[in-house]
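In what follows, a single structure is set out as structure tokens and then discussed.
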Amino acid sequence: MTKRYHPLTVGEHQVKLRLTMAGQRRLKQQWGEDILPFLLEAAVDTEKLCSLLSQCLDWPDSGNTVTDGEGLYDLLVDFGWQGQSRFAALVFDIARVSGLLTTDQADKLNQAVCAGFAAAFEGL
């Protein structure tokens, strides 16, 4: 059986992101939230995003050399990731490959977040 994950290349690092059930439980214990509301907040909150990334890096046989979310976040920024909408899309991609959202749901959530960010900056 093939394990599903979101592949991500950052410079010379290749990581496999997957939110397992154990990772979901750890996030619920840490933050006291069910996983879907947590994911929506992680799409716009970098502290929650880093917690999510840490869980997604830590799963059996991942082979990840980057092992903590803050380190991955910093690598992404160092390699040119800009704008919260890019990070939000990553959250929804992780949720999709982890079985929490369908592709259509992930796309719609990403569009809604991007529209919200666009509207926030439109009046500036």
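Anything in the range 61-85 that is of a type outside the set (Asp, Glu), out of contact with any His (no Cβ under 7 Å at 6 or more places or on another chain) and touching a residue at least 60 places away in the same chain (Cβ under 8 Å)? List them, or say none.
Start the filter on the range 61-85 by keeping residues that are of a type outside the set (Asp, Glu), which leaves 62-67, 69, 71-73, 75-77, 79-85.
Subsequent filtering for residues that are out of contact with any His (no Cβ under 7 Å at 6 or more places or on another chain) retains 62-64, 67, 69, 71-73, 76-77, 79-85.
If the condition is that a residue be of a type outside the set (Asp, Glu), out of contact with any His (no Cβ under 7 Å at 6 or more places or on another chain) and touching a residue at least 60 places away in the same chain (Cβ under 8 Å), then Leu72, Leu76, Phe79 are the ones that fit.
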Cβ-Cβ below 9 Å, separation at least six or inter-chain, first residue in the range 1-18 and farther than 13 Å from Leu52 by Cβ and without any contact (Cβ under 8 Å) to a residue 12 or more places away in the chain, second assigned to a strand (DSSP E or B) and aliphatic (A, V, I, L, M): which pairs? Pro7/Val15; Pro7/Leu17; Thr9/Val15; Gln14/Leu8
Filtering the range 87-124 down to residues that are assigned to a helix (DSSP H, G or I), crowded, with 16+ Cβ neighbours inside 10 Å and among the aliphatic types (A, V, I, L, M) yields Ala88, Ala89, Leu90, Val91, Ile94, Ala95, Val97, Ala106, Leu109, Val113
Condition first: modelled with pLDDT under 95, of a type in the set (Lys, Arg) and under 28 Å from Phe121 (Cβ atoms). Can you find one or more residues in the range 92-102 that meet it? no
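Which residue is surrounded by the fewest Cβ atoms within 10 Å (Cβ to Cβ), if the candidates are limited to the range 65-82 and must be closer than 17 Å to Gln14 by Cβ and out of contact with any strand residue (DSSP E or B) (no Cβ under 9 Å at 6 or more places or on another chain)?
We begin by selecting, within the range 65-82, every residue closer than 17 Å to Gln14 by Cβ; these are 65-69, 71-76, 78-81.
Imposing the further condition that a residue be out of contact with any strand residue (DSSP E or B) (no Cβ under 9 Å at 6 or more places or on another chain) reduces the set to 67-69, 71, 73-74, 80.
Numbers: Thr67: 12, Asp68: 15, Gly69: 22, Gly71: 16, Tyr73: 17, Asp74: 14, Gly80: 8.
Looking at the filtered set, the residue picked out is Gly80.
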Test Ser85 against the stated conditions and say whether it is touching a Phe, Trp or Tyr at 6+ places or on another chain (Cβ under 8 Å), of a type in the set (Ser, Thr, Tyr) and under 26 Å from Phe117 (Cβ atoms). yes
Inspect all residues belonging to the range 24-45 and state whether any of them is in contact (Cβ under 8 Å) with a residue 12 or more places away in the chain, assigned to a helix (DSSP H, G or I) and out of contact with any helix residue (DSSP H, G or I) (no Cβ under 7 Å at 6 or more places or on another chain). yes
Check Cys56 against each of (1) crowded, with 20+ Cβ neighbours inside 10 Å; (2) at pLDDT below 95; (3) over 21 Å from Lys108 (Cα atoms) and name the one condition it does not meet. (2)
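The values are calculated or read from the model by the stated rules, or taken from the named source; none is laboratory data. Predicted model only: the values in this text are computed from it and were never measured. FYI the Cβ positions are ideal-geometry reconstructions off the backbone, even for glycines, and counts take in every protein chain you see.
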